[in-house]
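Below is one structure, written out as structure tokens, with a few remarks after it.
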């Protein structure tokens, strides 16, 4: 066993792969995919801050207490509402029907914290909606949903497809893999080197994205709210999300590295894995564990609620049973090692026959 | 070339020291599905320059890929200086292979390309840097070495591949069409490099389809057709084994007509052609030994012989005799 040589070779492979992975033009879409949710969270935060400022401004000019606003009952006329609450800070009136005989109106009031929206039909209050100012608990739930539905299922999943399948398959298509196979490197060492290179690249890209998303999510929080969050569940949640992101790269990375060695067209195994992961909630307990998403969702600090989501989106959220983190991490590592063992076996059999690839 | 019909797998299993200086194919076959790559190849390649010659699809590249473990034999065994082809850690310290594939890892400069793959040998940065520059210098590519390989000409790409193959100072250099795309000057320099390599007692095994270069460069040839080795050995030795083709000899002498009349009295001379300048003749004989003995007598009988040159003792003729009827080279 020549561990020192193998380690030196692994480092050499990582250096070479890094140059290709991090600065490849064909990898730009992965950066965009990774950064998309962070951009959305930043945009959302800016909107929340803008909304907060507007409410504060409305409060100073149209101050109405929450108690008074809550006292308005259905069936009340617009005139009665205006008499009791004063002029709304925003008012929209529409006429519809053949000759404009029907009227629809929306009045907006605020108590400085929540927005009250009153909906009138033909001068009669028919609906009322209260839009509360965003809180960290609400944000956490939104983040959990985006993280589990979009980030884990799509961004990291397809990012790993793009990076890990190309480690071998991409080089076969580029007809440049033979340079590695003509070096005094064991195929297993080559596999580990390439896997670690892919892992470093994906972990850097996606944990950076997770960190940016969390930062963007909290961008609108005021100082005290942020302090309260960080002293409460905040740091634990941040650590958990970063950890889950890294573990997702670990698990999906191994799966797609093996797929790149086993299949000529990586889109087919990627689609199969996506289907398998999506079917996870409906699988028997034993089969559920042969899945990356099972372990990942077990470790997510906030449970996303499929009931609040569209049916199709909810389908993609596995109702992971509560699995202790230690078991989830161990299970994922065992799964990763098993998949890498299959990949190593395939790498040993790998031949260069570019014309058939 | 060493005769190999008796080479056995057991002998390869416990190689005596001599086998550690040879490249040995023992009854090697390789099929791609139902398509034949090479079949029942038994060869022993000694040090020196060996050319693999054959038409497209004859199995030259397959033989090289088998030798370097890029493809595995369906049957048989290969040893390169005693190393098995499925033992990369040992094999590729001995072997450098410049393939026919004209593609490179993306985004690398010529230097980075040579240097990066040298690092896989586990040597230090300084050692690899020094070796990389030495190899680049050897192929005269120092100036463009800092530029991206993607911007190189075909000839430069060939040379940087060669630099990468020789950078670790291998004992066996395998080259697939290494002279393709090189201009005459660089071609001559590259051939000199191969000769220098071979002169150190190393192996240079190359495929080529330029037959006149085979004569010029090679110590041995291996002729391939349809996946089979049809001839192997030194060019003159291979020629002498082709008994069904009369041997052609060019003679320059003062009395070509008299000589023609003398040689026609024997049964082994089948054809004589007088040179138009009246200063020589071409003779085709089925028995070279008898002919050269006869030539001694003729010389003693007063015909002044200026020169005697074998006219078909070259790869081109051998190729024509053995394969030419079926296919032509690239």
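Both radii are taken from the alpha-carbon atoms of chain A; with Rh as the Kirkwood radius, Rg/Rh is 1.13.
Scaled to the globular estimate 2.2 N^0.38 Å, the Cα spread of region A:144-293, given as radius of gyration, is 1.24. Distance between the modelled labels on residue B:169 and residue A:283, one decimal in nanometres: 5.4 nm (7 Å Cα→Cβ projection). Secondary-structure-derived ellipticity at 222 nm for chain A, considering helices only, amounts to -19000 deg cm²/dmol, per-run term -39500 (n - 2.57) for DSSP H runs with n ≥ 4.
How much length is gained if the chain between residue A:235 and residue A:102 is pulled fully straight, taking 0.36 nm per residue apart and subtracting their Cα-Cα distance, in nm to one decimal? Please list the in-between numbers first.
Numbers: separation 133, 0.36 × 133 = 47.88 nm, distance 5.38 nm.
Here the answer is 42.5 nm.
Give me the number: length gained by fully extending residue A:59 to residue A:173, i.e. 0.36 nm times residue separation minus the C-alpha to C-alpha distance, one decimal in nm. Don't skip to the answer; put the middle values down first.
Working: separation 114, 0.36 × 114 = 41.04 nm, distance 6.33 nm.
This chain segment gains 34.7 nm when fully extended.
When Cβ neighbours within 10 Å are restricted to other protein chains, what is their mean count per residue of peptide B:92-104?
Values: counts 5, 2, 1, 2, 1, 4, 1, 6, 0, 8, 1, 9, 4.
Mean partner-chain Cβ count within 10 Å for B:92-104: 3.
In this simple spin-label model, placing a label point 7 Å from the Cα along the Cα-to-Cβ direction at both residue B:296 and residue B:74 gives a separation of 5.2 nm.
Distance distribution P(r), region A:61-132, all Cα-Cα pairs, bin width 10 angstrom from 0: 20, 56, 19, 5 percent. Counting, for every residue in B:111-120, the Cβ atoms of other protein chains within 10 Å of its Cβ and taking the mean gives 5.
Under the 0.36 nm per residue contour assumption, what length would be gained going from the current alpha-carbon distance of residue B:215 and residue B:140 to full extension? Kindly include the intermediate steps, with their values, before the conclusion.
Working: separation 75, 0.36 × 75 = 27.00 nm, distance 2.54 nm.
Extra length from residue B:215 to residue B:140 when fully extended: 24.5 nm.
Starting from the Cα coordinates of chain B, work out the convex hull volume and express it per residue in Å³.
Values: hull volume 55.2 nm³, N = 330.
It is 167 Å³ per residue.
Global dimensions of the protein assembly as shown from alpha-carbon coordinates: Rg and Dmax equal 38.9, 145 Å. A Förster distance of 56 Å, applied to the separation of the beta-carbon atoms of residue A:11 and residue A:113, puts the FRET efficiency at 0.50.
Rounded to the nearest 500, what is the 222 nm mean residue ellipticity of chain B from helices alone, with -39500 (n - 2.57) per DSSP H run of 4+ residues and division by all residues?
Numbers: 12 runs with 112 residues, N = 330.
Only helices count here, giving -9500 deg cm²/dmol.
Need one number for region B:246-311: average projected area of the convex hull over its C-alpha atoms, nm².
Working: hull surface 14.8 nm².
Dividing the Cα hull surface by four gives the mean projection, 3.7 nm².
Round to a whole angstrom and tell me the spacing of the C-alpha centers of region B:165-201 and region A:87-145. The distance from the Cα centre of region B:165-201 to that of region A:87-145 comes to 81 Å. Treating only the Cα positions of region B:145-297 as identical point scatterers, give the base-10 log of I(q)/I(0) from the Debye formula at each q in 0.16 Å⁻¹. Taking Cα atoms of region B:145-297 as identical point scatterers yields -0.94.
Since every read-out is calculated from the coordinates, none of them should be taken as a lab result. The structure presented is a predicted model; accordingly, all values stated were derived computationally and were not measured. When we count neighbours, we look across all protein chains shown, and the Cβ atoms used for this are built from the backbone with ideal geometry, even at glycine.
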